[in-house]
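Beneath this line is the structure, given in structure tokens, with notes to follow.
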Amino acid sequence: MLNRQYDLTNSLMQHMRLFGYEVVNLPILDSADIFLIKAGDQVINRLFTFERHGKEWALRPEFTAQATYHYISQKQLDFVARWQFNGHIFEDTPNNGRQYQQFSIGAELIGANTPSADAEIIAVAAQGIAAQGIEDWHLVIGHTGLLRQILNHFQLDLRTQQFLLHHLPALNNPDQGKKFVLEQLDRLLVQHTELLTEMMLEPVVVGVEIIPAMGTRTRQDIAKRLFQKRQRSVQRSQVVAALDFLEIWHDVTGIPDDAFAVLNRLVGDDDTNSRHTLEDWWRVVNLLKLYDIPSSKIIIQPDLARSWEYYTGIVFELHASGLHLGGGGRYDELAQLIGGKQNVPAVGFAYYIDNFLAALPYHSLLEQKTVLNLMATNQDDAVLWAQRLRRHGLPVQIVSSVADDKNVLIAQNQSTLHWQTNVYQIDQINTLVTNIKNLP
């Protein structure tokens, strides 16, 4: 397993390097504040933290927050950073069968706020999977920013909006649905109203506790009930309308052409901001075609949510063989949250290496058990051909003899090479490499 992980890491690092992503090493142990601000409820209780010399420290649970802090710590913020990371991350998750320590590989593109930046990071992530010989992968893309913009039309307070976003899984669950979400919201509103009522009435109610005409109910009881009715009547119709919309939004899921045809109708032309966001999203999907990512590999899921705490735009996930291999998205507001003077556009992703390794095909290059043997009468020819093949990712050793010459590569001269029963010229090296990689 360790050898396979090592090989996969090296292969993915080289892949990301082709796009200009520079390796940056970040500490395993860092200030807990960096992670606590970003983490939200989903991670905050799973951090490994401890105090030392009056400061709280944490083992890193991921790379994104550290990368952002590293960026804003630079002397200038007007540059575009393409950084890649790999190493162990730590989460206290004893109840789901996962180990406390996991290996993660990912990349961040910081300082660029264009559809081309989103398309690039998605392409890097997707092509990294395809390059390992995994064929049944697919890409799911959503947009947290667009959904937030549309929800603003329902004039919900931020707390209620966040509640609905976090309850999208329940809304889309046939066993729960809209009724369940409304019940949970009613319970939350009652608790919230009780607190507000107590705060509002405490300075007013002095001594007079019972109103004879009202039986045994106090002023507080009456005011509380009226306040509850007002709050629930104002919010409920808006919440119901928002939930109806979210159900429609969820059903849009499909291939790009079909999904965007529906999204165009739902967004309409009167909402300039949402229209602009939708057009940028469509631009990203079209750019992916230039990266050789076919539309047949893409699923549009408008309500895809990785984290409602800090993602601000496009989000995406990568799947293969029923496994979640990685994902990421745009997080333009994180820099300011962790101490930056201003927001910084940023988008990134991470692979889940355990699942990635499980999805690798048996005949993957990473599974190749032996190094290729190459022979030649002229040593210069052997070195030249070996280097050509290594540049294509094939492990090659130069030998003078082999016990079994069935699969040995024989360099006849600098432009001709024999393998099995075929002869390959230098301009056929791509065919040769493909045939070798496809060996069972």
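The values are calculated or read from the model by the stated rules, or taken from the named source; none is laboratory data. Since we're looking at a predicted model, the values are computed, not measured. Virtual Cβ from ideal backbone geometry, glycine too; neighbours counted across all protein chains shown.
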Out of everything in the range 310-341 that is in a loop (DSSP other than H, G, I, E, B) and touching a Lys or Arg at 6+ places or on another chain (Cβ under 7 Å), what residue ends up being nearest to G254 (Cα to Cα)?
G313
Does D244 qualify as being closer than 30 Å to K297 by Cα, modelled with pLDDT of 60 or more and loosely packed, with under 11 Cβ neighbours inside 10 Å?
no
Could you list all residues from the range 410-431 that are of a type in the set (A, V, I, L, M) and in a helix (DSSP H, G or I)?
I426, I429
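For the range 277-334, which residues satisfy the criterion of being among the hydroxyl-bearing types (S, T, Y) and surrounded by fewer than 19 Cβ atoms within 10 Å (Cβ to Cβ)? Before you say what the answer is, go through the steps one by one.
We begin by selecting, within the range 277-334, every residue among the hydroxyl-bearing types (S, T, Y); these are 277, 291, 295-296, 307, 310-312, 321, 331.
Matches in the range 277-334: Y291, S295, S296, S307, S321.
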In the range 399-413, how many residues are at pLDDT below 85 and touching a Phe, Trp or Tyr at 6+ places or on another chain (Cβ under 9 Å)?
1
Working carefully through the options S321, S274, S295, find the one that is of a type in the set (S, T, Y) and in contact with a Pro (Cβ under 7 Å, 6 or more places away or on another chain).
S295
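Sort out which residues of the range 430-440 are surrounded by 15 or more Cβ atoms within 10 Å (Cβ to Cβ), modelled with pLDDT under 90 and under 14 Å from R388 (Cβ atoms), and write them in order of number. First the steps, then the outcome.
Filtering the range 430-440 for residues surrounded by 15 or more Cβ atoms within 10 Å (Cβ to Cβ) gives 432-433, 436-437.
Keeping just the survivors that are modelled with pLDDT under 90 gives 433, 436-437.
Passing the criteria: V433, I436.
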Residue in the range 286-309 that is farthest from G142 (Cα to Cα), counting only those that are among the hydroxyl-bearing types (S, T, Y) and part of a loop (DSSP other than H, G, I, E, B)
Y291
For the range 74-87, what are the residues that are of a type outside the set (V, I, T) and within 16 Å of E22 (Cβ to Cβ)?
Q74, F79, A81, R82, W83, Q84, F85, N86, G87
T277 - would you say it is farther than 27 Å from H166 by Cβ and β-branched (V, I, T)?
no
Subset tally (residues that are over 19 Å from N273 (Cβ atoms) and modelled with pLDDT under 95) for the range 332-354:
13
For the range 169-183, give me each residue that is surrounded by 14 or more Cβ atoms within 10 Å (Cβ to Cβ) and without any contact (Cβ under 8 Å) to a residue 24 or more places away in the chain.
A170, Q176, G177, F180
So, R82, is that one of a type in the set (K, R) and over 19 Å from the mean Cα position of the chain (by Cα) or not?
no
Give me a count of the residues in the range 284-309 that are over 15 Å from the mean Cα position of the chain (by Cα) and farther than 18 Å from T253 by Cα.
7
